[in-house]
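What follows is calculated from the coordinates using simple rules that are stated; it is not laboratory data. Quantities reported herein were computed from a predicted structural model and do not represent experimental measurements. All Cβ positions, even for glycine, are placed from backbone atoms using ideal geometry, and neighbour counts span all protein chains on display.
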Amino acid sequence: MSNNSAFPDWHGTTILAVRKNGQTVVAGDGQVSMGQTIVKGTAKKVRKLAGGRVIAGFAGSTADAFTLIERLEAKLEQYPDQLARACVDLAKDWRTDRYLRRLEAMLLVADKDQIFTVTGVGDVLEPEHGVAAIGSGGNYALAAGRALLDVDGLDAEAVARKAMGIAADICVYTNGALTVEVL
């Protein structure tokens, strides 16, 4: 979020991706806050792309995130079924393009086989343990997701829902109004 005092102090996103036993899930909460005020509790920050083969979740400025998601969709059309290449190409453009480099958002992108965190500083990070998270409550969701990953009887969706619930209980910028997409 912006450090520029001309912009409101927006907070409020937790996005979590989990891969377990061939299932990939991306979950996002619905809270958007300005300072200490909840502006919206049901925002949808997780979307299916590429004909339902890719899921993207975003944290940060909504307009900036939509711009990045549109660019990602174009990269996925250019490189079908090559999520890593599309993400790297987006990160490269994001880092070097004069307009894009001013965008303040992060993306969590997944397909059935891979999860990537994509940032404006050129990072395309794949988690080592099948769990990744971004946003205000991202570290809480990540820790909970990693702890729950090895629990027998929990599939990827159950891990994601429980981890997001834990994050919502801890982070004031995260709520329980979840959007969950499964591959």
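Quick notes on this structure:
- Along the chain, longest interval not containing exposed trypsin sites (Lys or Arg not before Pro), exposed being DSSP loop plus at most 15 other Cβ atoms within 10 Å: 113-183
- Set Lys40/Lys92; Lys40/Lys75; Lys20/Lys40; Lys20/Lys48 screened for pairs whose C-alpha atoms are more than 29 Å apart: Lys40/Lys92; Lys40/Lys75; Lys20/Lys40
- Structural size metrics of the range 10-175, computed from C-alpha coordinates, are Rg and Dmax of 15.0, 48 Å.
- The ranking of Met106, Met164, Met34 from fewest to most other beta carbons within 10 Å of each one's beta carbon is Met34, Met106, Met164.
- Anisotropy class of the range 101-179 from Cα gyration tensor, a/c 1.5 cut: oblate
- Spin-label pair Asp155-Arg102: with each label point 7 Å from Cα along the Cα-Cβ axis, the two points sit 4.5 nm from one another.
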